[in-house]
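Right, one structure below, let's go through it.
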Amino acid sequence: MLHGKRILLIVAGGIAAYKSLELVRRLRERGAAVRAVLTAAGSQFVTPLSLSALTEDKVYGELFSLTDESEMGHIRLSREADLIVIAPATADLLARMAQGRADDLASTVLLAADKPVLAAPAMNHRMWLHPATQANLELLAARGVGFVGPVEGDMACGEHGPGRMAEPHDIVAAVLDHFAASAPLAGRRALVTSGPTHEAIDPVRYVANRSSGRQGHAIAAALARAGAETVLITGPTHEPDPPGVAMRRIESAREMFAACRDTLPVDVAVCAAAVSDWRPAAEAGQKMKKNGGDAPEIAFVENPDILAGLSEPGNRRPALVIGFAAETESIVEHARAKRARKGCDWILANDVSQGTGTFGGEENTVHLVAAEDEEAWPRMTKTAVAERLVQRIAERLAGTA
Ligand code: CTP
């Protein structure tokens, strides 16, 4: 599956360009977001309108269009992609890539990109077999460009030979292979808890907290992007479901714990939920009435500690258990103590003191506290925290394959 993957598709000028429309459809069916760059020659074969309708995005074409440059510079086009696919890749575009030219938007994007490139060449068989083209291919392959096709067959020009563009389903297969090979957590299972819990007082009232679920959801999304089969067990939040993640929605801490146990075994568990430490000792069966007098006194009992429970030794204990600590002072010292108390492997301690805007905000300042070492991460977005954490998880699990 390609959920959460962003593909920048460059459509150059060749009769095979009509197949790129089907390619867009097939990539999107598998969950990829596709953005298209159409060369001037490409627009002789397919219209920007059809590409735009299929990608449900603007189509980019003119290097010097002022609006495009201000809204979406060529650098951003490649920065916001996980993979660049060129289909069809003409002899001319391959030659310009090999030379490092930047004379239109497509070649400029390719020159400025630090992203992997997969090209599906399409051209007349004599052009394909020409030593100039073959030399360009060799050079590009040596620089890391991947190729799919071309295949042998009848050509639009009436001749027969190698040069036909690979079929869209073969290009999709090559894209899937690319992501499988670059997915460091492929074959791993992950569990993430996120959001607040709601602890019922009566059928209409509950005790909760201000957790937005943003960090936990971002971690689940990043784990899935890295290829892990990911289950997200979440309390009530307004966050959208991360793509490619199996959702388990719960309300209370006890439901969250039960859902975690059901999800085992996993290789890694990340407890990012702000679990309510306490719940009302008894949930009233009916809505509590005012009864014209004293306010009720609500007794609380402690909730199970999910992080500590998952960290307990046993054959179902995940290889890596990670918890969060929300602290307002002596952040690292408290996190060290919490790690030892809960028995987990890592604690990500974040500063939620007043003015940091961490709760419900976009950014987080994190310290990773492990038994063996500690790292202070710079202030960054919750998505960047998630990416960095997943990178660390992949490094750690690589040693336990
Ligand atoms: N956690 C959990 N289950 C609970 C409480 C907390 O899984 N019942 C997890 C959270 O998801 C988070 C970490 O434990 O990963 C946060 O711990 P925290 O609530 O800060 O721990 P406490 O022991 O309650 O620490 P403190 O008394 O400092 O608040």
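The values are calculated or read from the model by the stated rules, or taken from the named source; none is laboratory data. All values derive from a computational prediction rather than experimental measurement. These accessible areas exclude ligands, DNA and RNA; they are computed on the full protein's heavy atoms, side chains included. Shrake-Rupley method; radii C 1.70, N 1.55, O 1.52, S 1.80 Å.
Quick notes
- Those aspartates and glutamates that a straight Cα-Cα span of less than 17 Å connects to Lys19, excepting residues fewer than 8 apart in one chain: Glu29, Glu152, Asp154, Glu167, Asp170
- For the stretch 6-181, carbon and sulfur atoms together expose 55% of the accessible surface, with a 1.4 angstrom probe and every protein chain in place.
- Beta bridges per DSSP with both ends in the stretch 6-181, % antiparallel, nearest 5: 20 percent
- P(r) for the chain, from all Cα pairs and a bin width of 10 Å, is 5, 20, 24, 19, 16, 11, 5, 2, 0, 0 %, short bins first.
- Length available on full extension from Gln391 to Trp278: 0.36 nm per residue minus the Cα-Cα distance, which gives 37.3 nm.
- Here's the list of lysines a cross-link from Lys5 could span, going by alpha-carbon distance under 16 Å and ignoring same-chain residues fewer than 8 apart: Lys115.
- Per residue accessible area of the stretch 6-181, 1.4 Å probe, in Å²: 46 Å²
- Those aspartates and glutamates that a straight Cα-Cα span of less than 17 Å connects to Lys287, excepting residues fewer than 8 apart in one chain: Glu199, Asp202, Glu297
- Distance between the stretch 138-216 and the stretch 274-289 - C-alpha centres, whole angstrom: 42 Å
- Based on protein heavy atoms only, the stretch 272-373 ends up with 58 Å² per residue of surface accessible to a 1.4 Å probe.
- Alpha-carbon spread of the stretch 6-181, three principal axes, descending order, Å: 43, 35, 33
- Heavy-atom surface analysis with a 1.4 Å probe gives the stretch 277-360 a carbon and sulfur content of 47 percent of its accessible area.
- Multiplying the residue separation of Glu297 and His3 by 0.36 nm and removing their Cα-Cα distance gives an extension gain of 101.0 nm.
- Calculated log₁₀ intensity ratio I(q)/I(0) where the Debye formula runs over C-alpha points of the stretch 91-165, q = 0.21, 0.23, 0.24 Å⁻¹: -0.92, -1.05, -1.11
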